[in-house]
Amino acid sequence: MTIKYQRIIAVLLVLLLGAQMVHMGWKNRPEEEEEVVIEHPLLIWYTDPDIQAYMEAAAAEMTARHQVEIRAELVSEVDYIEKISEQSVAEEMTGPDLYVASSALLEKAVLAGLSVPVKDSDLAGTYSEKAVQAVTCNGEPAAWPFYIETCVMLYNRYYVSPEEVPSDIEDILTYAENFEADDLTSRVENIFKWNVADVIDNYMFLGAYTDLGGPNGDDKSQVSMDLDKVTECLTYYQSLNEFFAIDADTVTSEEVIKEFIDGKTVFTIVNVPMLAELDRAVREGSLPEYPAERTVTGEDGTETVESLSYTPFYEVVQLPALTDTLDSRGLSVTNSVVVNPYSGNVEAAEACARYLTQERAGRLYEEASKLTACRSLLSGDTQPVQEEESSLFGYRSLYESLLGDQESAAPVSSEHLTVYEAYEKAAEVPKIMELSNMWLQLEVILADIWRGQDAGEKVSGFAGLLEAQLD
C-alpha cells in the first residue's frame, strides 16, 4: 500500500472517530431545561391554604429563573370557577393564567371554556393512568395532575403482630374481643377509631358497590348503586357504633391522629395530611416510650423474652374489607393544575404547570403535606416511567428495583408507596356537575345512619336524589 493511500485511510479513520464522538456526546447530553419566554407577569390561583408555602416558593423560584413576576394567590373556594370566568372575560383580563382545581371541578371548567387541553405525550407514564383519567373530560386531558388524596389504614406495630394484621373489619372485632391490657398495651383506649364524620373516610363502606361516572368520572350513564349491597354495607357500618362508640358530633381528624400518635389507638383510618402529621411526630420524637422487651408465654407454658424495637412504630396497609362477603373501596381526589386559555401567554403558563406538577413536585410532602401525582419522581427524575407488566400499577416493582441499586436512593418511602397503591384502587370523585353537592348530602346521610336511623330508607332516599339530579 502506498503512502498516499495510507494517509487517505488515516484521515478517514480520524473523521469516523470524530463523528462517533460527536454522536455519543449528543446522545448523552444532559436534559436541557425547557426553554420558555415569559413576556408578561403570570398569576396562579389556588384555594387550599395547606399548599401556600409550596406555591409561594415555586412562584419565587420561577420569577428568579425567568426574570418576570410570577405570583401565586390564595383565594376563596366559594364560586371558584365562576370568579375565574368573570375575571377572565372582563374587558381587562384580571383572572389567573393558571389555577389549581380538584377533579370534581374540571367538568365545570371545561364547559366554561376555562381549560387548555393537555397535549403532552405519555402523560400516563409521567403520572399514571388513574391520575390521567382523573383529569380527563370528554376523552381529553384538561389539566396536569398535581397531588392526590385518599385513605389507608394504620396499625401500631407494638400492639399487632404481622400474623394479626386484619384483612377485614371482622378481624378487628375478633382482636377487640381477645384484647387484654398489659404493660405494653396499657395506654390503649381505642381498638379502632376513625373520623366517622368525614365522608372520604366513610366512603369505603359503600364504595365497592357504587359507580359515580365510570373510569373518568364524567359519564352520567354509569352512575349507579347496588341498593341491596350498599344497604347491607351501611347496616354493618351502623353496627360498628355499638363496638367503638365514636361520637360523630365531636370526633375530628386531628383528635384521631393525635390519639394514634400517643399510642391510645390500635387501628385507624387516615388521609394523607394525617399521615404527614404522624411523620412529623416521628421526626420530632414526639412519641411515647414503649417497653424494650416483653415476656411471651408459649402454649406449653414456657416463657421467653422478646425484644421490641419498631421503626417506624406504625404500619400502613390497604383499607380492609368489611367482612368476608362485603368488600370495601376507598375514595380519591386528584388536584390538578389547569391553564386558562384567556391567558396572554399560554405557553408560559403551560411551562409553569409542568414545573409545579413535575420538576418541583418532589417537595410537596415536605412543604405542604401532600403526595405528588407525578409517578416519574419515584425514579428520581422527571422522565416518564415505563409501566412494568409484573406489577399491578408499576409502583411496587419500580420501588424495589431502586432499592437494589446502590447508587440510587428511592425518593419515596414504603409507607407512601402503599398510599399510592390505595389511590390507584380507589374510586375518584366524579366530575359530573349535577353531583357537585352530593358529598354534603352523603355526609348527612352517613351521620344519620351512624346514629341509628334506618339504613335502607336513607340509601333509597340518596339513590332517588342522585337520579333526580341527573334527570
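The values are calculated or read from the model by the stated rules, or taken from the named source; none is laboratory data. Since this is a predicted model, take the numbers as computed values, not measurements. All Cβ positions, even for glycine, are placed from backbone atoms using ideal geometry, and neighbour counts span all protein chains on display. Note: accessible area is taken over every heavy atom of the protein model, side chains too, but ligands, DNA and RNA are not part of it. Shrake-Rupley method; radii C 1.70, N 1.55, O 1.52, S 1.80 Å.
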Compare the peptides 44-51, 95-102 by average per-residue count of other Cβ atoms within 10 angstrom and give them in order, highest first. 95-102, 44-51
With respect to the cross-link table entries LYS258/LYS370; LYS193/LYS258; LYS264/LYS425; LYS83/LYS220; LYS130/LYS431; LYS108/LYS130, which display a Cα-Cα separation exceeding 22 Å? LYS264/LYS425; LYS83/LYS220
Placing +1 on the Cβ of each Lys and Arg and -1 on the Cβ of each Asp and Glu in region 117-263, which of MET225, ILE200, TYR127 has its Cα farthest towards the positive end of the resulting dipole? TYR127
Ranking request for peptides 243-254, 294-305: highest mean number of other beta-carbon atoms within 10 Å first, then the rest in descending order. 243-254, 294-305
Amide H contacts of THR136 (H built 1.01 Å from N, under 5 Å, at least 5 apart or other chain): ALA142
Zone reached by a paramagnetic label modelled 7 Å from ASP228 Cα along Cα→Cβ, restricted to region 309-325 with backbone N below 20 Å, covers 322-325
Expressed in nm to one decimal, what extension gain is obtained for the pair THR235 and MET93 from 0.36 nm per residue of sequence separation less their Cα-Cα distance? 45.9 nm
What length, rounded to one decimal in nm, is gained on full extension from VAL346 through to SER413, with 0.36 nm per residue of separation minus their alpha-carbon distance? 20.5 nm
What shape does region 70-112 have by the C-alpha gyration tensor, where a ≥ b ≥ c are the square roots of the eigenvalues, rounded means a/c under 1.5, and otherwise prolate means a/b greater than b/c and oblate the rest? oblate
Output the peptides 363-372, 433-442, 261-270 sorted from most to least packed, where packing is the average of other Cβ atoms within 10 Å over each peptide's residues. 261-270, 363-372, 433-442
q = 0.15, 0.20, 0.28 Å⁻¹: log10 I(q)/I(0) that the Debye formula gives for region 143-209, counting C-alpha atoms only: -0.65, -0.98, -1.40
Determine the dipole magnitude for region 77-215: charges of +1 sit on the beta-carbon of Lys and Arg, -1 on that of Asp and Glu, nothing else is charged, the reference point is the Cα centre, and the result goes in debye to the nearest 20. 320
Sort HIS40, HIS66, HIS416 by heavy-atom solvent-accessible area, probe 1.4 angstrom, most to least. HIS40, HIS66, HIS416
Evaluate the Kirkwood expression for the hydrodynamic radius of region 224-288, namely the inverse of the mean inverse distance over all pairs of different C-alpha atoms, and round to one decimal in Å. 14.0
Using θ = phi - 60° and the Karplus form 6.51 cos²θ - 1.76 cosθ + 1.60, what ³J(HN,Hα) does each residue of region 68-75 get, whole Hz, x for Gly and Pro? 9, 4, 10, 10, 10, 10, 7, 10
Work out the FRET efficiency for ALA53 and ASP300 from their Cβ-Cβ distance, taking R0 = 41 Å, and round it to the nearest 0.05. 0.10
In whole Å, what are the Cα extents of region 186-272 along the three principal axes, biggest one first? 52, 27, 21
Contour minus Cα-Cα span, ALA60 to ASP454, at 0.36 nm per residue, comes to 136.4 nm
Taking only the alpha-carbon positions of region 294-357 and ignoring solvent, what does the Debye formula give for the base-10 log of I(q)/I(0) at q = 0.11, 0.15, 0.23, 0.27 Å⁻¹? -0.68, -0.82, -0.98, -1.11
Residue-ordered couplings for region 221-234, obtained by feeding phi - 60° into the Karplus form 6.51 cos²θ - 1.76 cosθ + 1.60 and rounding to whole Hz (Gly and Pro as x), are 6, 10, 8, 7, 9, 7, 4, 5, 5, 4, 4, 5, 5, 6
In whole Å, what is the distance between the alpha-carbon centres of region 85-107 and region 182-244? 34
Listed by chain and number, the residues whose amide H is under 5 Å from that of ALA72, excluding neighbours fewer than 5 places away on the same chain and using placed H, are ILE44
Percentage, to the nearest whole number, of Cα pairs in region 209-339 over 20 Å apart: 67
